[in-house]
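Comments concern the structure below.
The values are calculated or read from the model by the stated rules, or taken from the named source; none is laboratory data. Model, not experiment: these values are computed from the prediction. Ideal geometry is used to build each Cβ from the backbone, glycine not excepted, and the neighbour counts take in all protein chains shown. Note: areas computed on protein heavy atoms with side chains; ligands, DNA, RNA excluded. Shrake-Rupley method; radii C 1.70, N 1.55, O 1.52, S 1.80 Å.
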Amino acid sequence: MTLDNLDTPALLVDLDAMDANLVAMQQRVSAKGVKLRPHTKAHKIPALAMKQLSLGAEGICTAKLGEAEVMAEAGIEDILITTPIANPIKYQRLVALHLAYPEGKFCQVVDHADHILGIGKYAMDAGITVELLIEVESGQQRCGVAVGEPLVTLIELIQATDGVSYRGIQAYSGHLQHVKGFNERQAQARTAVVGIFEFIDSHLRPMNLAPDVISGGGTGTYEAYDGLGFTEIQAGSYIFMDAAYRGIGNREGRAINDEFSNALKVWTTVISHPTKERAVVDAGMKCLSIDMGMPLVEDREDIRYQTGGDEHGILHLADNHAGLAIGQRLMMLPSHCDTTLNSYSTLYGIRGDRVINSWDIAGRGRSD
Ligand SMILES: Cc1ncc(COP(=O)(O)O)c(C=O)c1O
């Protein structure tokens, strides 16, 4: 099959670009003596997680317990769930996941005593121990306990609670992943976490509470932490890239980030051309997310995409543009890979204009 035969809108991945991205990140993180634990919220496809593991990843991250259930069912055994859970229904599901896959190595992120006591209770009743990573404040002001006495209190609570064990710390500065300019981004990312490592050395280590695992970093910051003590990097978007990550700049000071290639694309059709300057494609915000800005039209700087609502994308054509044909196909680069992918059931792998394979996006919609 070729792209001509594929109906639209369709979610595509350039297989060669994706493979190169996968190898590059693994090599770069390994070269620093750090483990890579890819964040699979970007793709939600067990076969791609397997590929990451086969290239040398330590294990995987999932954002949510629901995604972890999908990955475990597919046979993936080492999963860090990076978002806290906070309800007896979830605590019981987490324990059920452990019981269903006794060989599995699961770890849950927490940042409050209630998480520890809730998970501990159900785990103890089931006769198992659930490993926990404590999320610490790393500048984003999202989840994360303050570094200092509140962190010590949580570590000591885990150690005093049956059914849970202390594995380490998660420090993820999501707000800095898209800081423009390589040097500026690296400097801000380092500054955001350096106090955590000072506290580990000055307080936790002497108290015998130093974490075995320190997990964090993303596609924008995976190189920022040399020598600080992260044991694993959680980058996710690098597998696909998107227009937002494309625009953060590279280390040579250029505006385009070419460290990884844009592999994720959306194949669309021109469905209307009401005026000379304006055409419309069949991809609106239900299949091309706009939370990180507008998608780009690939290799077409003469065309600017603007959302036209749920199901329409408005194209503004440059002055003196020759115009587009009704039915013409155009390739879009999504602005945000995660939220775009979550709208699709299928991802098609392409090489040039040939459609090579497809995957079910099994974890799609599993924000539960
Ligand atoms: C906790 C956590 N870790 C890692 C990542 C990976 O970041 P990226 O996809 O930007 O590489 C994210 C992204 O949302 C995250 O929330």
Counting DSSP beta bridges with both partners in the chain, what percentage is antiparallel, nearest 5?
50
Select from V109, V130, V152 the residue farthest towards the positive end of the dipole of the range 103-212; place +1 on Cβ of Lys and Arg, -1 on Cβ of Asp and Glu, and compute about the Cα centre.
V109
Solvent-accessible area per residue for the chain at a 1.4 Å probe radius, Å²?
41
With all pairs of different alpha carbon atoms counted, what Kirkwood hydrodynamic radius in Å does the range 239-310 show?
13.6
Using a Gaussian network model on the chain with a 10 Å cutoff between Cα atoms, which of A283, A171, A24 fluctuates the most?
A24
If the reach is capped at under 13 angstrom between alpha carbons, list the aspartates and glutamates near K44, excluding any in the same chain fewer than eight residues apart.
E67, E69, E73, D338, D360
For the chain, modelled as a Gaussian network with Cα springs under 10 Å, which listed residue fluctuates most, F260, F197, F240?
F197
Taking the chain as a Gaussian network, Cα atoms linked when under 10 Å apart, which of L157, L132, L12 shows the biggest mean-square fluctuation?
L157
Ranking E277, E298 from most to least accessible area with a 1.4 Å probe gives E277, E298
In degrees, nearest 10, the alpha-carbon axis of helix 88-100 is tilted away from the dominant principal axis of the alpha carbons of the chain by 90
If you wrap a convex hull around the C-alpha atoms of the chain and split its volume per residue, what is the figure in Å³?
134
Set K105/K286; K90/K265; K105/K265; K121/K286; K51/K265 screened for pairs whose C-alpha atoms are more than 30 Å apart
K105/K286; K90/K265; K105/K265; K121/K286
Run the numbers on the chain and let me know its relative contact order in percent, using alpha-carbon pairs under 8 Å that are six or more apart.
20
For the range 217-290, build the charge dipole from Cβ charges (+1 Lys, Arg; -1 Asp, Glu) around the Cα centre, then report which of H273, G247, L288 sits farthest towards its positive end.
H273
Computed about the Cα centre, the charge dipole of the range 15-246 from +1 Lys/Arg and -1 Asp/Glu charges at the Cβ has a magnitude in debye, to the nearest 20, of 520
Taking protein heavy atoms only, a 1.4 Å probe, and rounding to whole percent, the accessible area of the chain owed to carbon and sulfur comes out at 49
